[in-house]
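The values are calculated or read from the model by the stated rules, or taken from the named source; none is laboratory data. Everything quoted here is computed from the prediction, not taken from an experiment. Here the Cβ is made from the backbone with ideal geometry for all residues, glycine too, and neighbour counts use every protein chain on show.
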Amino acid sequence: MLLEQVVSGLASGSLYGLFALALVMIYRGTDVVNFAQGEMAMITVFVALTLMKAGLSFWAAFGCTLVFAALLGAVAERFIIRYVSQGAVLNLVIVTVGMFTVCNSLAGWIWGYIPEPFPTPLEGGAPLRLGGIVVTRYTLVILAVAVTIMVLLYTFFTFTTVGIAMRAVAQNRTASRLMGIPVNRMLLLSWALSSVLGAVAGVLVAPLTYVDPNAMSGLLVYAFASAVLGGLDSPVGAVIGGLLVGVVENLAGAYLGSELKLSFAFALIVGVLVIRPAGLFGHARLKKV
Amino acid sequence: MTVNSHTRPRRPLRSAIDLAVLGILLAVGPAGAADPGLTSDTILLGSHQPLSGPAATYSLIPRASEAYFKMINEQGGVHGRRIVYKYEDDTYQPPRTVEVVRKLIERDQVFSIFNGLGTPTHTAVYKYILDRGVPDMYVATGATKWAFPPENGFKPYRGLFGFQPNYLTEGSIFGVFAIQRWSGKKVAVLYQNDDFGKDGAEAFRHAIEGKLTVAADDVYEVTAVTIDSQLLKAKNAGADVVFLFAIPKFVGMYLKKAHEIGWKPAFLVSAVSNSPQTWKLAGPDCDPPAGKVQCAPSDGVFSLQWLPSIDDKDNPKVVRHYEIVEKYGSGLKVDNITIYGQAAAELMVETLRRAGRDLTRDSMLKAAESIKGWSDGLISNVTMGPDDHAPVEDLKVVSIKNGKIDKDLTDWIQGSRPKK
Amino acid sequence: MGIRVAAWVAGALVLVTAPFVLDPYYRFLVTMMIVYSVVAVGLNLLTGYSGQISLGHGAFLAIGAYTTAIVVARFDVMPYAPAILLGAVVTALAGLGLGFPALRLSGPYLAIVTVGFSIAVPQVLLKFEWLTGGVQGILVPTPPAPGALARWIEAEQWVYLLALAPAAALAAIAANLFRTGAGRALVALRDSEVAAQSVGISLRRYKLLAFTLSAFYTGLAGGLYTLAVGFVSPDSFTLLTSIQFLAMIVVGGLGSVFGSILGAVVITLLPNYASEISKAAPWAIYGAVLIVFMIFLPTGLAGLFRRLIARRPAGARQTGASAQTSIHRGGVRDDSQQPHPTPQAAPERD
């Protein structure tokens, strides 16, 4: 029973971790926590669903959706975020909240609120039985994708020129400009990429949570918590944070009662942050006097 | 508490002239003393609904009601009066509900509140509505307290009417059914962590007390991402029957997961989720065209019914519903929620009709209480009375197979009422 | 100077006579604006002045509101006035408690702790039914005006005035906070924690003070909320509520009491107008307005107001406005970034 709950926690944790990766992407590239991340992902999932209903195959729809997601992210940056990023950090927070409600409402207006199933060829097939515990193949698929993205992101930010340039932009725009980095293009790229990541996460998660305008909002809180727990600037932290949150939540639910399990999960996070204020794998920001 | 239809204070008569004038006025008709929200050709109804935010799924209900009212208006209205339905968004937040209901009553001067949605939201305003003497018709939640307010000794308030069969009824009926069918077996309960879930779960537990063992008793939050942990708990506890007092999304998740891991208990599903949409969510095998394998485990899925299913194309009323939504719905799509919306609207129209051309708040309340065994609309056997403000109390247990309602397993069962 | 005094007196007169003149709907709306203003001022103390982000003020409101509701209605042990004060004190203690883990955190890390608080409190309220009435909530009757006053003042007018008095007092205290040593210490900490500490300002003490004070304000507002709305339930205080309060101070202007009030007014009225513009997607309008505000008014309404005043002809006093600017420079800034140009400057364009 314990092991089963742990495995189940890892499964849901990988969902949280997937979205946490998108949050980490945007934070590392722009120093912003995007509250609208989940809703933007939700819109891309709706687009994918619409394309599939129109007859496209899953993979064709997926491809088109990724392109759409990149455009969505770029448009959001160019026409909204760009005009706010010089002000207080909180202004950006409020703007992303505004984007959240706009996306949520628009999705409801265009596609309605009734949850729909999201078919995917990645599901199905007999579940695996490992020592008495049942694990669906899809869980493994999600875990595999999460780990892959994590590795890709880590490599990107640590070893590639573009990735390092993005980090520079997030830390200090003026200096970046002086170094010849095209700051605005980097910001655009950050938003586009994180939107794409969100779309990937959304499409993977949709078969389990179904598609409706409110499907992602609960997930966003978990993703946010996971990202912070792991350290907002660490892709590895995002995934590990997600897995931890999933497992703790499940165990709390199984042994302490489901009514307060979310509260317990948060208590854990607070506990960790008190000891490591930048998250498990995060780096403390150097403070300038 | 009286519902006042006279707003003009009485002045002592001074002379015969006044008497004569008064006599003429009375003869002509009490048009001046009419209730607010009424003109010679309109009736203004008000409601609070979650049009955006987390509960926005239910926004289809007022739209469906509106579509039905439009149709009625096109046919001449009720005794020559058009129904104007003003529903305001409260985003399912009680403080907003207070704001919009005050606006409807103080500024818009509605004739009656109709189909206010949500227990926490409506609880914030029902006393205020009663105090203002405004009728509160057909509240859109299954909370038992609208028709049977505990603080009033379970006697209904004059101006407050419930609508759907309450959650107490659902839980009790399922409890009795479970005892009959699975005596000696183990039961798991999963319910939503709010008034809807708690009400039904408690009734169920009460009904099976001593007769069946509750092996697992769990909640889930509406914002939850998965319910796997609760499912595993129930499975490991050896439950043979699972009572799911949950909304469609979570019923779908639960059935799907159980099917995936090869666990086949029986499922008792709340009436709220008795919809083809739910069975579609439960898994690709449940979608009728592709359905070769039944999505329900062999012991079956059971639910409760009081409204016709949107799948029931043999039912002329259902067909008519599709037509109404198509023609008057402004882009609305049919779902069991829209059937609900129309059913409520039908009842409201019938109530107004019975009140006659001489419509007042008082005559409307009397008319509502006079409805007995009415089955002309989507709902059967609507009955109310001075002590009975619960229009719909009957449910039947049905079995679900291959994504559709399969069989009626019982006759109409009368709902439960809370005892002191 | 004379104009200012006159403006204040006129404003006060308007506020005090409003409940007798307005119709019940608007009277209720203004009462709610008063209540929310107190929350906004409290939140601004924490976020605008002290630079600590909080997405947990819905939970503080809940604690204050529930405390009052429990002792007045559920167990009937206290009259309103002390109950509201009790609510404020209990909430202040909660704020102190939250302040401890918050000591070492900032930015999104602090935010997530407050988010957790926002989510945990309703769950706890739901769970302990014997105390809180659980999912059914607590209905609280509106108090009538006391004794002889009841002949001239209706219950709801009385509630309005009962809310106005402490709100005005608290606003005045907050506005003058930066004149005190404590207030200046808080602002210094916001601008640069390291520099402030190096001149001997205790980070620990003042951060805790900020949380406690902010929570006290919000808890008191909670008691007023119970008075005005007459009903509390776990669903009344969600994460969404906390987000709305944050929107109030950002739209109104960070670090400004006047801004907090303006923000409370705007955000309270916004859903009404959003519904009128679009029946189908009111939230979309709400969000769009927020975005537009942030693009065109980054220092909030208070900033706009200040700019308008500063543009007055040379004879008018300018020192007051610009002195305020230096202290009320908007924003929670991440210290790893270079200091921004003053907010009134045009944003850089590449």
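Could you go through the range A:234-247 and let me know if any residue there is of a type outside the set (K, R) and over 15 Å from the mean Cα position of the chain (by Cα). Yes, some residue in the range A:234-247 is of a type outside the set (K, R) and over 15 Å from the mean Cα position of the chain (by Cα). When residues in the range C:179-195 are screened for being closer than 18 Å to C:T212 by Cβ and β-branched (V, I, T), 2 of them pass.
Show me the helices (runs of 4 or more DSSP H) found entirely inside the range C:155-198 where at least 3 residues are within 14 Å of chain A (Cβ to nearest Cβ). Break it down into steps so the answer makes sense when it comes.
Numbers: elements: C:155-175, C:181-191, C:193-198.
Fully inside the range C:155-198 and qualifying: C:181-191, C:193-198.
Residues in the range B:364-379 that are in contact (Cβ under 8 Å) with a residue 60 or more places away in the chain and small (G, A, S): B:A368, B:G377.
Has the range B:105-123 got any residue that is within 28 Å of B:L45 (Cβ to Cβ), modelled with pLDDT under 90 and polar (S, T, N, Q)?
Quick first cut of the range B:105-123, residues within 28 Å of B:L45 (Cβ to Cβ) only: B:105-123.
Narrowing further to those that are modelled with pLDDT under 90: none.
Within the range B:105-123, none of the residues are within 28 Å of B:L45 (Cβ to Cβ), modelled with pLDDT under 90 and polar (S, T, N, Q).
A:V196 meets each of the listed conditions (1) under 30 Å from A:P115 (Cβ atoms); (2) crowded, with 24+ Cβ neighbours inside 10 Å apart from (2).
Hey, among A:L106, A:L122, A:L178, which residue is within 7 Å of another protein chain (Cβ to nearest Cβ) and over 18 Å from A:M25 (Cα atoms)? Sole residue among the options that is within 7 Å of another protein chain (Cβ to nearest Cβ) and over 18 Å from A:M25 (Cα atoms): A:L106. Taking the criterion of being within 14 Å of chain B (Cβ to nearest Cβ), among the small types (G, A, S) and crowded, with 24+ Cβ neighbours inside 10 Å, the residues of the range A:220-253 that qualify are A:A223, A:A225, A:S226, A:G242, A:G246, A:G253.
Pick from the range C:22-66 the residues that are of a type outside the set (D, E), without any contact (Cβ under 8 Å) to a residue 40 or more places away in the chain and at the interface with another protein chain (Cβ under 9 Å from one of its Cβ atoms): which of them is nearest to C:V265 (Cα to Cα)? Restricting to residues being of a type outside the set (D, E), without any contact (Cβ under 8 Å) to a residue 40 or more places away in the chain and at the interface with another protein chain (Cβ under 9 Å from one of its Cβ atoms), the top hit is C:Y26.
Can you find a residue in the range C:81-98 that is within 14 Å of chain A (Cβ to nearest Cβ) and without any contact (Cβ under 8 Å) to a residue 12 or more places away in the chain? Yes - at least one qualifying residue is present in the range C:81-98. Scanning the range C:266-278 turns up no residue that is touching a Ser or Thr at 6+ places or on another chain (Cβ under 6 Å), of a type in the set (F, W, Y) and more than 25 Å from C:N176 (Cβ to Cβ).
A quick yes/no check of all residues on (1) within 11 Å of B:Q49 (Cβ to Cβ); (2) among the charged types (D, E, K, R); (3) under 18 Å from the mean Cα position of the chain (by Cα):
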residue	(1), (2), (3)
B:E66	yes, yes, yes
B:G80	no, no, no
B:L104	no, no, no
B:T121	yes, no, yes
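Yes or no: B:L365 of a type outside the set (D, E, K, R), under 22 Å from B:P36 (Cα atoms), at pLDDT 85 or above and touching a strand residue (DSSP E or B) at 6+ places or on another chain (Cβ under 6 Å)? Judged against the criteria, B:L365 is not a match. Entry remark, the range B:49-65: residues being of a type outside the set (V, I, T) and more than 11 Å from chain C (Cβ to nearest Cβ) number 4 in total. Among the residues of this structure, A:S217 counts as one that is within 14 Å of chain B (Cβ to nearest Cβ), assigned to a helix (DSSP H, G or I) and in contact with an Asp or Glu (Cβ under 9 Å, 6 or more places away or on another chain). As a summary of the residue check, C:V121 satisfies the conditions (1) within 14 Å of chain A (Cβ to nearest Cβ); (2) surrounded by fewer than 17 Cβ atoms within 10 Å (Cβ to Cβ); (3) touching a residue at least 60 places away in the same chain (Cβ under 8 Å) except for the one numbered (2). Does B:P156 satisfy the condition of being in the same structural domain as B:Y58 (by TED's automatic domain parsing) and surrounded by fewer than 24 Cβ atoms within 10 Å (Cβ to Cβ)? Judged against the criteria, B:P156 is a match.
Residues are listed down the side, and each one gets a yes or a no for (1) over 19 Å from the mean Cα position of the chain (by Cα); (2) hydroxyl-bearing (S, T, Y); (3) surrounded by 24 or more Cβ atoms within 10 Å (Cβ to Cβ); (4) outside any helix (DSSP H, G or I):
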residue: C:V77; (1), (2), (3), (4): yes, no, no, yes
residue: C:V89; (1), (2), (3), (4): no, no, no, no
residue: C:G95; (1), (2), (3), (4): no, no, yes, no
residue: C:G99; (1), (2), (3), (4): no, no, no, no
residue: C:L105; (1), (2), (3), (4): yes, no, no, yes
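A single entry from B:Y157, B:Y92, B:Y87 fulfils the requirement of being assigned to a loop (DSSP other than H, G, I, E, B), of a type outside the set (S, T, N, Q), under 29 Å from C:F28 (Cα atoms) and within 9 Å of chain C (Cβ to nearest Cβ): B:Y92.
Just one of the listed residues (C:G230, C:G219, C:G259) is at pLDDT 90 or above and surrounded by fewer than 24 Cβ atoms within 10 Å (Cβ to Cβ), namely C:G230. Inspection of the range C:236-254 identifies at least one residue that is at pLDDT 85 or above, among the aliphatic types (A, V, I, L, M), farther than 22 Å from C:F128 by Cβ and part of a loop (DSSP other than H, G, I, E, B). Go through (1) more than 9 Å from chain C (Cβ to nearest Cβ); (2) touching a residue at least 40 places away in the same chain (Cβ under 8 Å); (3) part of a loop (DSSP other than H, G, I, E, B) for A:V272 and report which single condition fails. It is condition (3) that A:V272 fails. Check the range A:126-143 and report whether any residue there is within 29 Å of B:K249 (Cβ to Cβ) and more than 14 Å from chain B (Cβ to nearest Cβ). Among the residues of the range A:126-143, at least one is within 29 Å of B:K249 (Cβ to Cβ) and more than 14 Å from chain B (Cβ to nearest Cβ), which makes the answer yes.
With the condition kept exactly as written, say whether any residue in the range B:221-233 is hydroxyl-bearing (S, T, Y), out of contact with any Pro (no Cβ under 8 Å at 6 or more places or on another chain) and under 16 Å from A:L251 (Cβ atoms). Yes - at least one qualifying residue is present in the range B:221-233.
Taking A:A61 as the residue in question, decide whether it is among the hydrophobic types (A, V, I, L, M, F, W, C) and without any contact (Cβ under 8 Å) to a residue 24 or more places away in the chain.
Criteria met by A:A61.
How many residues does the range B:123-134 contain that are at the interface with chain C (Cβ under 10 Å from one of its Cβ atoms), part of a helix (DSSP H, G or I) and either buried (at least 24 other Cβ atoms within 10 Å of the Cβ) or not acidic (D, E) (or both)? Full working, then the answer.
At the first step, the residues of the range B:123-134 found to be at the interface with chain C (Cβ under 10 Å from one of its Cβ atoms) are B:123-128, B:131-132.
Right, trim to part of a helix (DSSP H, G or I) and you get B:123, B:126-128, B:131.
Those left that are additionally either buried (at least 24 other Cβ atoms within 10 Å of the Cβ) or not acidic (D, E) (or both): B:123, B:126-128.
Total satisfying the criteria: 4.
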